[in-house]
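Undergrad: This is the structure I have questions about; it appears just below.
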Amino acid sequence: MTVWIASTNRDNWEIIRKNNIWGVPKRNKKSIERSKPGDKILIFVKQETVEDTIIPSAITAAFEIASKPFEDTAPLFIRPPSMHGDESFPYRIRLRPIKIFPEELDFKALIPKLNFITNKKQWTGHLRTAMRTVPDEDYDFIMKASETPRG
């Protein structure tokens, strides 16, 4: 079993949550093709600014991959403003929720303990692709952190 982390924005996170589906652009076809049913996937949402408020990057949920990758060009996901063309995120997998975190996990607070983030100062480079693998220990740490009350 492989553990993945999937990078998205908040608009597409809502689509993932409501539809239990993850999609990647054409340029990320090879990474999604490496995923298999039974693999786990964490959802990472990027930092965004809404009006004058900065919403920090976060981990929002854990899913199990429930299907083999498939192609579907039906409109579903929202193309981020930074992406050019008419990308529809056509390479997709179905998901089964393991846990939707009641409170998002502030990603920056997790960085010191995450093994896949080797450059702690320039950590965003580790999340520039749509999906990448992470060690089991990082998955376990994130799942445990999701159980700890914050306040």
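Undergrad: Look at region 2-20 and say how many of its residues are surrounded by fewer than 20 Cβ atoms within 10 Å (Cβ to Cβ) and either free of Cβ contacts under 8 Å to residues at least 40 places away in the same chain or farther than 21 Å from HIS126 by Cα (or both).
TA: 7
Undergrad: Next question. Please state which of the following conditions ILE54 fails to meet, knowing it meets all the rest: (1) closer than 25 Å to ALA145 by Cα; (2) touching a residue at least 60 places away in the same chain (Cβ under 8 Å); (3) in a strand (DSSP E or B).
TA: The number of the failed condition is (2).
Undergrad: Something else: Write out, first by first residue and then by second, each pair whose Cβ atoms fall under 8 Å of each other, whose residues are 6+ apart or on separate chains, and whose first residue, in region 109-131, is within 27 Å of ARG79 (Cβ to Cβ) while the second is part of a helix (DSSP H, G or I) and hydroxyl-bearing (Ser, Thr, Tyr).
TA: Note: pairs meeting the criteria are THR129/SER31; ALA130/SER31; MET131/SER31.
Undergrad: Tell me yes or no: at least one residue of region 72-87 is charged (D, E, K, R), assigned to a strand (DSSP E or B) and surrounded by fewer than 20 Cβ atoms within 10 Å (Cβ to Cβ).
TA: Within region 72-87 (the criterion being charged (D, E, K, R), assigned to a strand (DSSP E or B) and surrounded by fewer than 20 Cβ atoms within 10 Å (Cβ to Cβ)), the answer is no, since none of the residues qualifies.
Undergrad: Looking only at region 25-46, how many residues end up being hydroxyl-bearing (Ser, Thr, Tyr) and touching a Leu at 6+ places or on another chain (Cβ under 9 Å)?
TA: Within region 25-46, residues that are hydroxyl-bearing (Ser, Thr, Tyr) and touching a Leu at 6+ places or on another chain (Cβ under 9 Å) number 0.
Undergrad: If I filter region 115-151 down to residues being part of a loop (DSSP other than H, G, I, E, B) and of a type in the set (Gly, Ala, Ser), which single residue comes out as nearest to ASN12 (Cα to Cα)?
TA: ALA130
Values in this text are rule-based calculations from the coordinates and carry no lab data. Small disclaimer: the values here were computed from a predicted structure and weren't measured. Glycine gets a Cβ as well: all are built from the backbone with ideal geometry, and neighbour counts include every protein chain shown.
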